[in-house]
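**Q** Here it is: the structure, laid out below.
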Amino acid sequence: MATTRAPAETTAAGYFGDMVEAYDSLIRRAMPRYDEMLARLGEYLPDHARRVLELGAGTGNLALALAARYPTAELVLVDAAPEMLAVTRARLEHMEPGIVERRRVRFYEARFEELSLEPASFDVMVSSISLHHVKDKGALYRALFAALAPGGRLCYSDQMAGGNEKNHRLHWERWIGFCREPGHCSEAEVQSLLDHAAAHDHYTPLAEHMALLAAAGFVGIDCVWRNVMWGIVTADRPAG
């Protein structure tokens, strides 16, 4: 059944769906140390998993790494933009023909807040630069905790607010300065990023992330990497 999506300027899914072909180029021109961040996130994942959830599949950069790291795991990939899911699916099939059917890769077009997840059904949950689109992170963390198996791990990277206004302003200025370096982003691209952030982004300070995760029941909460606005957070569900 066909669906009608709101114009790109009104939804985050529309924005990313309409820029799917340019995303991989833009993310590296607009975000310092993007590839380093992905590599660091991978270092903090468990060695083994039977079922893995990714929130915000994008163009598949993290999904490809997950498929290689967990060669027997079922992968459940979520994104609100169908165009992104199509690209991820194609890239996975190119990496390993037949992977979708053989490895039970599942694709879900949905906003994170709308997901209905089976209790204690995932060993690993990951996300890369997506959770800042969720306003009520406390509700999301409670839902993720309930769907994470005992002993499981949540590991995500995201854009975060500074701990105070001065820090956040400095982070923001350094980010825009990076975007405007020669060979990075055009002024039109910078303005598009700023417009998208104003319309759709909900930045949360690291301390608040940690408090919300703890309130949801997570333990061992840590920030294992940080660069300006971006950070990687890990949190575990107790094994007992």
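**Q** Could you order peptides 115-127, 215-227 by the average number of other Cβ atoms within 10 Å of their residues, highest first?
**A** Details: 115-127: 17.8, 215-227: 15.2.
Packing order, densest peptide first, comes out as 115-127, 215-227.
**Q** Out of 67, 82, 125, whose Cα points farthest toward the positive end of the dipole of the stretch 40-125 (charges: +1 Lys, Arg; -1 Asp, Glu; placed on Cβ)?
**A** 67
**Q** Then there is this: In terms of solvent-accessible area of protein heavy atoms at a 1.4 angstrom probe, what is the ranking of 170, 131, highest value first? Spell out each step's value before the answer.
**A** Values: 170 90, 131 0 Å².
Largest accessible area first, the list is 170, 131.
**Q** How large is the helix-only mean residue ellipticity at 222 nm for the chain, computed as the sum of -39500 (n - 2.57) over DSSP H runs with n ≥ 4, divided by its residue count, in deg cm²/dmol to the nearest 500?
**A** On the way: 10 runs with 103 residues, N = 240.
Calculated at 222 nm, the ellipticity per residue is -12500 deg cm²/dmol.
**Q** Still on this structure, please answer the following. Which shape class, rounded, prolate or oblate, goes with the stretch 91-240 when its Cα gyration tensor gives a ≥ b ≥ c as root eigenvalues, a/c under 1.5 marks rounded, and past that a/b bigger than b/c marks prolate?
**A** On the way: a/c = 2.13, a/b = 1.31, b/c = 1.63.
In terms of gyration-tensor shape, oblate.
**Q** Taking a Cβ-Cβ separation under 4.7 Å as the criterion for a possible partner, which cysteines of the chain have none?
**A** 155, 223
**Q** Accessible area per residue, 1.4 Å probe, Å², for the stretch 100-240: what's the number?
**A** 47 Å²
**Q** Give me the dipole magnitude in Debye, nearest 20, for the chain about the Cα centre, with unit charges on the beta carbon: positive for Lys and Arg, negative for Asp and Glu.
**A** Details: 25 positive and 32 negative charges, 108 e Å.
With only Lys, Arg, Asp and Glu charged at Cβ, the dipole is about 520 debye.
**Q** Taking amide H positions as placed 1.01 Å from N in the peptide plane, with prolines and chain starts having none, which residues 5 or more places from residue 184, or on another chain, fall under 5 Å of its amide H?
**A** So residue 184 has HN proximity to no qualifying residue.
**Q** Rounded to a whole number, what % of the accessible area of the stretch 167-240 do carbon and sulfur atoms account for, probe 1.4 Å? Working shown, then result.
**A** Numbers: 1980 of 3580 Å².
C and S atoms contribute 55 percent here.
**Q** Within the chain, what percent of beta bridges assigned by DSSP are antiparallel, to the nearest 5? Can you show the working numbers first?
**A** Values: 13 of 33 bridges.
Within the chain, antiparallel bridges account for around 40 percent of the total.
**Q** To check you understand DSSP bridge types, tell me what percent of the beta bridges within the stretch 40-130 (both residues inside) are antiparallel, rounded to 5. Display every interim value, and only then the final one.
**A** Details: 0 of 13 bridges.
Bridges in the stretch 40-130 are about 0 percent antiparallel.
**Q** Here is a further query. In what sequence, highest mean first, do 58-65, 203-210 appear when ranked by Cβ atoms within 10 angstrom? Working shown, then result.
**A** Values: 58-65: 21.5, 203-210: 16.4.
Ranking the peptides 58-65, 203-210 by packing returns 58-65, 203-210.
The values are calculated or read from the model by the stated rules, or taken from the named source; none is laboratory data. This is a predicted model, so every value here is computed, not measured. Here Cβ is always computed from backbone atoms with ideal geometry, including for glycine, and neighbour counts include all displayed protein chains. Just so you know, the surface numbers come from the protein's heavy atoms only, side chains and all, with ligands and any DNA or RNA stripped out. Shrake-Rupley method; radii C 1.70, N 1.55, O 1.52, S 1.80 Å.
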